[in-house]
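A short reminder: the numbers here are calculations on the coordinates, not readings from a lab. These figures come from a predicted structure and were not determined experimentally. We place every Cβ from the backbone using ideal geometry, glycine too, and count neighbours over all the protein chains shown.
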Amino acid sequence: MKKSIAIFFITAIAVLASSLWAMPSEPTIKALPRIYYVTFQSLNSENPLTVAAQFRLPWRKGKMPAVVIVHDTEGVNGTGNYYAKALNNNGIATLEIDMWTPRGLMGLVAGRPKSVPETLPDAYGAFKYLSGRSEIDAQRIGIMGFSFGGVVSMLTATTFYTEKYLGHELKFAAHVPFYPLCWLYNHVPGYEFKSFTGAPIFIQVGEKDVYDGPDTCSRLTQSLPEATQKFISIKLYPNATHEWNRLQPSVTYCDPTAYQGKGGEVTIIPNPQAAVESRLATLQFFERVFGLSITPEIR
């Protein structure tokens, strides 16, 4: 009996050892990414802040592309993570930044900065952080954001802000603004949307977004020179409110920037179908811009 038990354990150990020996030295791209909690300096020379972020790095050899993810007025709430997983599964690193904590803000309408431009040094600081990492290709760093973060994603496509913080050599390679309040641009000081880096911009909006009208973003694009219109694309999701990809219970609040600046009550209703569709569209956009040929995996 004891001899049989001994033989069993010896056999089990041998099988385990052989299986470990056969394991690849590096997991595949579709393995869970390495997750790091990091900090970096914003590029505000007058008031530099230490910004915290979640850096997700897929298992992949060589330099890889990356995407900066910028949260909405609520703060980091899970929406960014929903898209990060799909990007990571396809070999794209992500850096989701937290702009509220270093400012001592709690988020939501009463707890956000007075203007979006004052947070742009955070986004460009994120770019600088990623470009300094040996795993990341500095020529393939994109940015995406939701609502407040969507405005960040729009403004970082302009030469004015890009040259102010990064100079003439570097720029974001692609921009994906979600519901970025298209009525703001070229109407409110600090939100000029006229001179561009030339990087492609993919705007995603909901048909029932009360911050804008259903055609506000298309009218903004049509008001720009024809050469600019060629690198801006828009996807409109039917029956989708503002922040339709916030997959949490519905919420109602008042915001002075709603209804094209007139202010009023806003109701956010999750739309899972539009969320799934937009996640695939976002992944395909970045894959095309980054020159990847990976079959999209959404998980």
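With a ≥ b ≥ c the root eigenvalues of the C-alpha gyration tensor of the stretch 216-299, is it rounded (a/c under 1.5), prolate (a/b larger than b/c) or oblate?
Because a/c hits 1.5 or more and a/b fails to exceed b/c, the stretch 216-299 counts as oblate.
Considering the chain, which cysteines have no disulfide-compatible partner, defined as another cysteine with its Cβ under 4.7 Å away?
When partners are defined as cysteine Cβ atoms under 4.7 Å apart, the chain leaves Cys254 without one.
Could you tell me how far the Cα centroid of the stretch 96-112 sits from the Cα centroid of the stretch 75-91, in Å?
19 Å
Do you know the relative contact order of the chain, to the nearest whole percent, from alpha carbon pairs under 8 angstrom that are 6+ apart? Working shown, then result.
Working: 597 pairs, mean separation 42.3, N = 299.
The normalised contact order for the chain reaches 14 percent.
On a full-extension model of 0.36 nm per residue, what is the gain between Ala227 and Val188, subtracting their alpha-carbon distance, rounded to one decimal in nm?
Roughly 11.7 nm would be gained on extension.
Using the charge dipole of the stretch 217-299 (Lys, Arg: +1 at Cβ; Asp, Glu: -1 at Cβ; taken about the Cα centre), state which of Ala240, Leu220, Ala274 has its Cα farthest towards the positive end.
About the Cα centre, the residue reaching furthest to the positive side is Leu220.
Can you give the helix-only mean residue ellipticity at 222 nm for the chain, where every DSSP H stretch with n ≥ 4 adds -39500 (n - 2.57) and the sum goes over all residues, rounded to the nearest 500 deg cm²/dmol?
Counting only the DSSP helices, I get -9500 deg cm²/dmol.
Fewest Cβ neighbours within 10 Å first, please rank Thr162, Thr50 accordingly.
Thr50, Thr162
Counting alpha carbon pairs within less than 8 Å and at least 6 residues apart, what relative contact order, in whole percent, applies to the stretch 66-141? Walk me through the intermediate numbers first.
On the way: 80 pairs, mean separation 26.9, N = 76.
Reported as a whole number, the value is 35 percent.
Counting other beta carbons within 10 Å of each Cβ, put Leu292, Leu95 in order, fewest first.
Leu292, Leu95
Can you compute the charge dipole magnitude of the chain about its Cα centre, using +1 on each Lys and Arg Cβ and -1 on each Asp and Glu Cβ, nothing else charged? Give it in debye, rounded to the nearest 20.
Numbers: 27 positive and 24 negative charges, 236 e Å.
So the dipole magnitude of the chain works out to roughly 1140 debye.
Is the stretch 155-215 best put as rounded, prolate or oblate by its Cα gyration tensor, with a ≥ b ≥ c the root eigenvalues, rounded for a/c under 1.5, and otherwise prolate when a/b is larger than b/c, oblate when not?
oblate
Testing the spin-label approximation: label points 7 Å from Cα along Cα→Cβ at Ala281 and Thr50. State their distance in nm.
4.0 nm
Would you be so kind as to identify all helices of the chain, as entire DSSP H runs, whose Cα atoms reach 15 Å or more along the helix's own axis and whose mean Kyte-Doolittle hydropathy is at least 1.0? Display every interim value, and only then the final one.
On the way: long enough: 2-22 (30 Å, 1.55); 79-89 (16 Å, -0.97); 120-131 (17 Å, 0.10); 272-290 (27 Å, 0.19).
The answer, listed by residue number, is 2-22.
Kindly state, to the nearest 0.05, the FRET efficiency for Thr39 paired with Val251, given R0 = 51 Å and r defined as their beta-carbon distance.
The formula returns an efficiency of 0.95 here.
Taking amide H atoms as placed 1.01 Å from N in the peptide plane, list the residues 5 or more away in sequence, or in a different chain, whose amide H sits under 5 Å from that of Val251.
Ile268
Quote the relative contact order of the stretch 130-281 in percent (integer), defining contacts as alpha-carbon pairs under 8 Å separated by 6+ residues.
18 percent
On full extension of the chain, what length is gained from Lys63 through Arg288, given 0.36 nm per residue of separation minus the C-alpha to C-alpha distance?
Separation in residues times 0.36 nm, less the Cα-Cα distance, equals 79.3 nm.
Does the stretch 43-178 classify as rounded, prolate or oblate by the C-alpha gyration tensor (a ≥ b ≥ c root eigenvalues; a/c under 1.5 gives rounded; else a/b over b/c gives prolate, otherwise oblate)? Intermediate results must be reported in sequence, preceding the final value.
Details: a/c = 1.73, a/b = 1.24, b/c = 1.39.
In terms of gyration-tensor shape, oblate.
If I build a Gaussian network model for the chain, linking alpha-carbon pairs within less than 10 angstrom, which residue out of Pro58, Pro214, Pro180 has the largest mean-square fluctuation?
Checking each option, the largest mean-square fluctuation is seen for Pro214.
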